[in-house]
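Contents: one structure, followed by commentary.
The values are calculated or read from the model by the stated rules, or taken from the named source; none is laboratory data. Model, not experiment: these values are computed from the prediction. Cβ: placed from backbone, ideal geometry, glycine included. Neighbour counts: every protein chain shown.
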Amino acid sequence: MLKVHEFISKLILDLIDGMYPLFRRFMPLKTFRYAACGGGNTVLDILLFFISYNFILKTLPVQIGWLTISPHIASFMISFTVTFPIGFYLSRYVVFQETSVRKTKQLLRYFTVVLGCIFLNYIFLKVFVEALEWNATFSKIVTTFFVVIFSYTSQKNFTFKTKTV
């Protein structure tokens, strides 16, 4: 299993670092790696949201006992279950490899930041879809813009921070 992990992380790094020379003038390598990994995971998140909302849930609310979950929130929950572990893996093994924080502590910190992201997603989706009556997928895209800024700042300065000497 370790060899598979090493192969996958090296493959992803080689692919991303191979494209980096095109962007070297615009951003440092770590920022580019974050943008590439985060961008890919974000595209997957929005795609899964769109598929869940339109084709799995068919824009209908989800009824679990007495609890009714709106389709845009349920779609977010579905996409999150896939993109959370992928995002942690990419952050830990591709973007922030030189971190000084133990993996278990990182996972706890990552989850804490993700709780903030969940809260922001929930609030923004509720406001955009229910209050402003925007299209659910468009709302998810706009929401993602704000969440990515929060996530990058938090992950860089909290979850995967390095020791400063």
Open item on the list: Checking the structure you have, find out if any residue of segment 145-155 is of a type in the set (Val, Ile, Thr), on the phi > 0 side of the Ramachandran plot and surrounded by fewer than 14 Cβ atoms within 10 Å (Cβ to Cβ).
Closed with: no
Open item on the list: Step by step: first the residues of segment 3-17, then only those that are more than 12 Å from residue 33 (Cβ to Cβ) and of a type outside the set (D, E, K, R), then the one that is modelled with the lowest pLDDT. Which residue is that?
Closed with: 5
Open item on the list: Given the criteria of a type in the set (Val, Ile, Thr), buried (at least 18 other Cβ atoms within 10 Å of the Cβ) and over 29 Å from residue 2 (Cβ atoms), does residue 94 qualify?
Closed with: no
Task: residue 113 touching a residue at least 12 places away in the same chain (Cβ under 8 Å), over 16 Å from residue 39 (Cα atoms) and over 19 Å from the mean Cα position of the chain (by Cα) - done: no
TODO: Please enumerate the residues belonging to segment 114-165 that are within 23 Å of residue 61 (Cβ to Cβ) and outside any helix (DSSP H, G or I).
DONE: 132, 133, 134, 135
TODO: Can you confirm whether segment 70-81 contains a residue that is farther than 20 Å from residue 134 by Cβ, surrounded by fewer than 16 Cβ atoms within 10 Å (Cβ to Cβ) and more than 17 Å from the chain's Cα centre (by Cα)?
DONE: no
TODO: Only residues that are under 16 Å from the mean Cα position of the chain (by Cα) and either more than 21 Å from residue 73 (Cα to Cα) or free of Cβ contacts under 8 Å to residues at least 24 places away in the same chain (or both): list them for segment 116-126, please.
DONE: 119, 124
Task: Qualifying residue in segment 7-24 (condition: crowded, with 17+ Cβ neighbours inside 10 Å and closer than 27 Å to residue 123 by Cα) - done: no
TODO: Tell me which residues, restricted to segment 81-100, are in contact with a helix residue (DSSP H, G or I) (Cβ under 7 Å, 6 or more places away or on another chain), farther than 24 Å from residue 20 by Cβ and modelled with pLDDT under 95.
DONE: 84
- [ ] Scan (1) part of a loop (DSSP other than H, G, I, E, B); (2) surrounded by fewer than 12 Cβ atoms within 10 Å (Cβ to Cβ) for the single condition residue 63 breaks and write down its number.
- [x] (1)
Open item on the list: Only one of 97, 106 is touching a residue at least 12 places away in the same chain (Cβ under 8 Å), polar (S, T, N, Q) and either assigned to a loop (DSSP other than H, G, I, E, B) or within 18 Å of residue 33 (Cβ to Cβ) (or both). Can you tell me which?
Closed with: 106
